[in-house]
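Heads up: the structure comes next, in structure tokens.
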Amino acid sequence: MPGGLRVYAIGDPHGCAERLAALHERIAEHAAAEPVERILLVHLGDYVDRGPDSAGVLDLLRAPPVRGAALVNLAGNHEQMMLAALDPQAEEEVIAFWLDNGGGPTLESYGADPRDLRSWRAVPQRDLDFLARLKPSFAIGGYFFAHAGVRPDVPLDRQDAMDLAWIREPFLSWRGPLEAVVVHGHTPSEGPEILPHRIGLDTGAVFGGPLTCAVLEEDRVGFIFG
């Protein structure tokens, strides 16, 4: 990582707004206790679905918890599913797929009834616009940030947006070199996964695990848990 820069990267919140708010507070405390010239906060996607307060999570993503920090919000596969299902032209299969993957609690967080399509208008356009603007990936220093990972045999600047949000294999079992260390979420594990070519940060917060933030500075990696 370039000198004077610290990156905080957070794995999948999945509607756990209270836990994300608490983790943001811990990040702010860490930044205050250990000042650095520049701070970047990266959220790795999967903000919605399964957990109780997806609407609250999206509210938390609009401003960084550390004054003066830059903010990057990436798109996860659950954001892609939500946008596709809430498209006025969405087919029944697309809607059913989203609901089968945790879309119901997201709708309920807006006061909508998953069984009543007319009530889905409760999801505000500003949130749909916010989701549509999410980045598929981000690179800085020797790191490449994406929700799910990358296709190992494709250059990082030519990755497909669907792979970046959905891929598991052959990425997870890959043991060869990559152009950069990939920081990702998407696939839950009991704790952070640290390999020479990737760092996995989805520790299953919505399933009872911690919500994990990696702290990347120079050649060091640390963690804050919420």
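The values are calculated or read from the model by the stated rules, or taken from the named source; none is laboratory data. Predicted, not measured: the structure shown is a model, and the values here were computed from it. Note that we place each Cβ from the backbone using ideal geometry, even for glycine, and neighbour counts take in every protein chain shown. For accessibility, only protein heavy atoms count, side chains too; no ligands or nucleic acids. Shrake-Rupley method; radii C 1.70, N 1.55, O 1.52, S 1.80 Å.
Can you give me the number of residues within region 41-56 that are open to solvent by less than 10 Å² (accessible area, probe 1.4 Å) and touching a residue at least 40 places away in the same chain (Cβ under 8 Å)?
Count: 8.
Identify all residues within region 125-142 that are under 19 Å from HIS197 (Cβ atoms) and buried (at least 20 other Cβ atoms within 10 Å of the Cβ); write none if there are none. Give the derivation first.
First pass over region 125-142, keeping only residues under 19 Å from HIS197 (Cβ atoms): 137-142.
SER137 - this is the single residue of region 125-142 that is under 19 Å from HIS197 (Cβ atoms) and buried (at least 20 other Cβ atoms within 10 Å of the Cβ).
Out of GLY222, GLY149, GLY191, GLY209, I need the residue that is exposed (fewer than 15 other Cβ atoms within 10 Å of the Cβ), in contact (Cβ under 8 Å) with a residue 12 or more places away in the chain and either in a loop (DSSP other than H, G, I, E, B) or not hydrophobic (A, V, I, L, M, F, W, C) (or both). Which one?
Details: GLY222 fails: in contact (Cβ under 8 Å) with a residue 12 or more places away in the chain; GLY149 fails: exposed (fewer than 15 other Cβ atoms within 10 Å of the Cβ); GLY209 fails: exposed (fewer than 15 other Cβ atoms within 10 Å of the Cβ).
Residue meeting the stated conditions: GLY191.
Which is closer than 22 Å to ILE39 by Cβ and not hydroxyl-bearing (Ser, Thr, Tyr), of VAL150, VAL221, VAL206, VAL154?
Result of the check over VAL150, VAL221, VAL206, VAL154: VAL221.
Scanning region 113-124 for residues that are within 18 Å of ASP49 (Cα to Cα) and outside any loop (DSSP other than H, G, I, E, B), which turns out most open to solvent (accessible area, probe 1.4 Å)?
The qualifying residue most open to solvent (accessible area, probe 1.4 Å) is ARG121.
In this structure, does ASP12 turn out to be crowded, with 21+ Cβ neighbours inside 10 Å and under 21 Å from PRO124 (Cα atoms)?
No: the conditions fail for ASP12.
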